Amino acid sequence: MIKLNLILLKDKRRIITLTFSFVSILFLVVYPFIFKGYLVRLATSIIMYVALSQIWNILGGFAGYINLGLVGFIGIGAYATGVFMNLGFSIYLSILIAGTISTIVSLFLGPPILRLKSGYYSIATYALAFVFREISNNLNDITGGGTGLALPISGMSILTMNRYFYYNMLVLTIIVTLICIRMSKSSLGYGLHAIKEDEDAAKALGINTTAYKSIGFTISSFLSSVIGGMYAYWLTYIDPISAFDSKMSVLVIIMAMVGGAGTVLGPIIGGVAISLVSELLWSNFIEYHTGFLGMVLILTVIFLPQGVMDLFLHRKEKLSFKNFGKTIQENLKKYRI
């Protein structure tokens, strides 16, 4: 009888999940026909950040390796897409080429960087983004240097263009989400989770931790470059500062951590919530924007290391201040701080 009830409960949850997913996707599909202008562009930006926070989550959430330089590969994707589109390639072929270039770069740089631990890895990824930025700033004949690079204008009407970029970003985000869902249930996902819990123990069990981290690093590099390429086409103009904007990396980290790093649903929740809050602050309280988001990140790392998802899953424990000092130490350790 108990077994039957568990099966029925599991089926009920599955039905609710599928129904919610279907309704959500249906709403997203019809959204550009209900709303127009600014609201469509805002939704496109939110969808893009949801994708980026999930991409960051591959290593930052599953493996606990905080990547401060995701924007480095976003920038590579943006510039590579711009260069190849100016050579006459289509947007879709250009972003695939951009992703391939980032994959090759990550295969060379991933293994040595991923041998670093804790803050050293984070500093290395942060520095890497600056290296890419300086390279783009000095390749005048290819990237336009500090002057920047203009991408071909689509020639579509504003209404059509808004819908075009919205749907393209939505499709890319759905693909990223499906990849993350599949990864979380694969041996790669389990291996990355094992690395997060105890990397030395994972090695003792025979897990090639460097290989697992390198695969995750390569996948995230490819996906972030693809998103970066579409983002560049949306902007129609990029320069080293905008393409390698470190604030984008920080914002993505905040989104993933607030929603729930290490989960699939968490970055989606965080991406939507922080995007809306960020837009509200930027529009009305620009002087408090950066400080507020920084405070949100600090409080999340200390009190909710797995974000909002952890609050719902372990409500009693997380709302209790009984072992305050111990809780802070455990939470900081989870993020290798």
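The values are calculated or read from the model by the stated rules, or taken from the named source; none is laboratory data. A quick note: this is a predicted structure, and the numbers were derived from the prediction, not measured. Every residue, glycine among them, receives a Cβ derived from its backbone with ideal geometry; neighbour counts consider all protein chains shown.
Selection within segment 44-55: residues that are over 13 Å from L170 (Cα atoms) and of a type in the set (S, T, N, Q). The member of this set that is surrounded by the most Cβ atoms within 10 Å (Cβ to Cβ) is S53. Here segment 166-214 is the region considered, the condition is being basic (K, R) and closer than 21 Å to S225 by Cβ, and the residue that is surrounded by the fewest Cβ atoms within 10 Å (Cβ to Cβ) is R182. Being among the aliphatic types (A, V, I, L, M), assigned to a helix (DSSP H, G or I) and touching a Phe, Trp or Tyr at 6+ places or on another chain (Cβ under 9 Å) is the requirement here; does A194 meet it? Yes: the conditions hold for A194. In segment 145-172, the residues that are at positive phi and in contact (Cβ under 8 Å) with a residue 40 or more places away in the chain reach residues that are charged (D, E, K, R) and in a loop (DSSP other than H, G, I, E, B) with C-beta atoms within less than 7 angstrom, at least six apart or across chains, in these pairs: G148/D239. Selection over segment 151-164 of residues that are buried (at least 21 other Cβ atoms within 10 Å of the Cβ) and part of a helix (DSSP H, G or I) gives a count of 1. Within segment 271-308, the residues that satisfy the criterion of being among the hydroxyl-bearing types (S, T, Y) and in contact with a helix residue (DSSP H, G or I) (Cβ under 7 Å, 6 or more places away or on another chain) are S275, S278, Y288, T300.
Entry remark, segment 234-245: residues being buried (at least 24 other Cβ atoms within 10 Å of the Cβ) and either under 21 Å from S90 (Cα atoms) or hydroxyl-bearing (S, T, Y) (or both) number 2 in total. Among the residues of segment 21-43, are any at pLDDT 95 or above, out of contact with any Leu (no Cβ under 6 Å at 6 or more places or on another chain), more than 16 Å from N168 (Cβ to Cβ) and among the polar types (S, T, N, Q)? Scanning segment 21-43, I find no residue that is at pLDDT 95 or above, out of contact with any Leu (no Cβ under 6 Å at 6 or more places or on another chain), more than 16 Å from N168 (Cβ to Cβ) and among the polar types (S, T, N, Q), so the answer is no. Summed over segment 79-107, the residues that are over 22 Å from N137 (Cα atoms), free of Cβ contacts under 8 Å to residues at least 24 places away in the same chain and of a type in the set (A, V, I, L, M, F, W, C) give a count of 2. When you check I135 against the structure, is it in contact (Cβ under 8 Å) with a residue 24 or more places away in the chain and among the β-branched types (V, I, T), yes or no? Against the criterion (in contact (Cβ under 8 Å) with a residue 24 or more places away in the chain and among the β-branched types (V, I, T)), I135 does not qualify. I74: under 17 Å from L151 (Cα atoms), of a type outside the set (D, E, K, R), in contact with a Gly (Cβ under 7 Å, 6 or more places away or on another chain) and crowded, with 24+ Cβ neighbours inside 10 Å, yes or no? So I74 fits the description; yes.
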